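K.L.:
Shown below is the structure under consideration.
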Amino acid sequence: MRLRARNRIALDCEEACPVVAMLRPRSGSQQWVVAERYAIEPWLAPTEYVDAFGNLCQRFTLPRGKSVITAEHEVEVAEQIDVDTRAALVPAGQLPDETLQYMLQSRYCPSDMMCERAERIVKGCAPGYAQAQRIAEWIRENIEYKYGVSESSTGALETLKHKAGVCRDFSHVGIALCRSLLMPARFVVGYLHQLDPMDMHAWYEVFLGGRWFAFDATQAEPRGGRIVVAYGRDAADVAFLSNYGPLEITDMDVSVQQV
């Protein structure tokens, strides 16, 4: 299916503010960027680099006052995410080098402190996809999707304590639990078709059977229609805007439509 995503962000700066944005998806094995438009008003010339996780990062300095960033993308994506209940756990010694960074504990995903909980959750499940699927189901069954409970500093342990959170919190819990069972897991941010209310969305992927599989504990079914914008160890690596000075987001309007 082909999706058209549009993200319009209105900003206000007290003074000139250096910014790194992460708003451009890349073509890859699971999606193909057919067309895109990236505009900054008032216009300025950004530079772009690729970060350590393969994400496209746009770097520029916003002037003092009001600015608007608009990113529009037309992307070919899968209608359904792949599911393979036979996908096996890959032994640590056989993991590709690039997956090893997703085995470590990170700022919001203290996997080294969650081993016992993870083992209780997946008891009776075969190592691999069955364990990852059970973790996603457990999160959906035991954590309430609720706004206002978490903030930008909330990690997986706090989410488990409060038993509530939003998509980024669900993903942090899933990632931490999977890593504690020696399954590489990475944070994903992007767009989901027919998300309600519409906004940027977060989910996670687990490396099993030699490839990455998507898991989204906020959804009851393995829904496709996803545009990946960025990958990271957790939310700290994939902020859509990183500002190095005073900056206020005064409005953000996201839309995703099937073409």
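K.L.:
Could you check residue 207 against (1) within 27 Å of residue 151 (Cβ to Cβ); (2) buried (at least 23 other Cβ atoms within 10 Å of the Cβ) and say which number it fails?
P.N.:
For residue 207, the failing item is (1).
K.L.:
I would also like to ask the following. List the number of the failed condition for residue 143; all other conditions in (1) buried (at least 19 other Cβ atoms within 10 Å of the Cβ); (2) out of contact with any strand residue (DSSP E or B) (no Cβ under 7 Å at 6 or more places or on another chain); (3) within 17 Å of residue 234 (Cβ to Cβ) hold.
P.N.:
(2)
K.L.:
May I ask you to list pairs of residues, at least six apart or on different chains, whose Cβ atoms are under 7 Å apart, with the first in segment 22-36 being farther than 12 Å from residue 74 by Cβ and the second being among the hydroxyl-bearing types (Ser, Thr, Tyr) and in a strand (DSSP E or B)?
P.N.:
24/38
K.L.:
Now for a different question. Between residues in segment 242-259 that are closer than 27 Å to residue 74 by Cβ and in contact (Cβ under 8 Å) with a residue 40 or more places away in the chain and residues that are assigned to a strand (DSSP E or B) and of a type in the set (Ser, Thr, Tyr), which pairs lie under 7 Å by C-beta distance while being six or more apart or on different chains?
P.N.:
What qualifies is 256/191.
K.L.:
Check 189, 228 and return the single one that is surrounded by fewer than 23 Cβ atoms within 10 Å (Cβ to Cβ) and on the phi < 0 side of the Ramachandran plot.
P.N.:
228
K.L.:
Same structure again: List the number of the failed condition for residue 57; all other conditions in (1) more than 23 Å from residue 202 (Cβ to Cβ); (2) assigned to a strand (DSSP E or B); (3) touching a Phe, Trp or Tyr at 6+ places or on another chain (Cβ under 8 Å) hold.
P.N.:
Residue 57 satisfies every listed condition except (1).
K.L.:
Scanning for something free of Cβ contacts under 8 Å to residues at least 40 places away in the same chain, over 16 Å from residue 21 (Cα atoms) and assigned by TED's automatic domain parsing to the domain that holds residue 131, does segment 184-196 turn up at least one residue?
P.N.:
Checked against the condition, which is being free of Cβ contacts under 8 Å to residues at least 40 places away in the same chain, over 16 Å from residue 21 (Cα atoms) and assigned by TED's automatic domain parsing to the domain that holds residue 131, segment 184-196 yields at least one hit.
K.L.:
Here's another thing I want to ask about it. Mind listing just one residue for me: the one in segment 99-129 that is farther than 19 Å from residue 215 by Cβ and acidic (Asp, Glu) and, of those, surrounded by the most Cβ atoms within 10 Å (Cβ to Cβ)?
P.N.:
112
K.L.:
Scan the helices (runs of 4 or more DSSP H) fully inside segment 82-185 and keep the ones with 3 or more residues being touching a Leu at 6+ places or on another chain (Cβ under 9 Å).
P.N.:
On the way: elements: 115-121, 129-142, 156-162, 167-180.
Where helices (runs of 4 or more DSSP H) fall fully within segment 82-185 and carry at least 3 residues being touching a Leu at 6+ places or on another chain (Cβ under 9 Å), they are 115-121, 129-142, 167-180.
The values are calculated or read from the model by the stated rules, or taken from the named source; none is laboratory data. Treat the numbers as computed from the prediction; the structure is a model and nothing was measured. Heads up, the Cβs are rebuilt from the backbone with ideal geometry, glycines too, and the neighbour counts pull from every protein chain shown.
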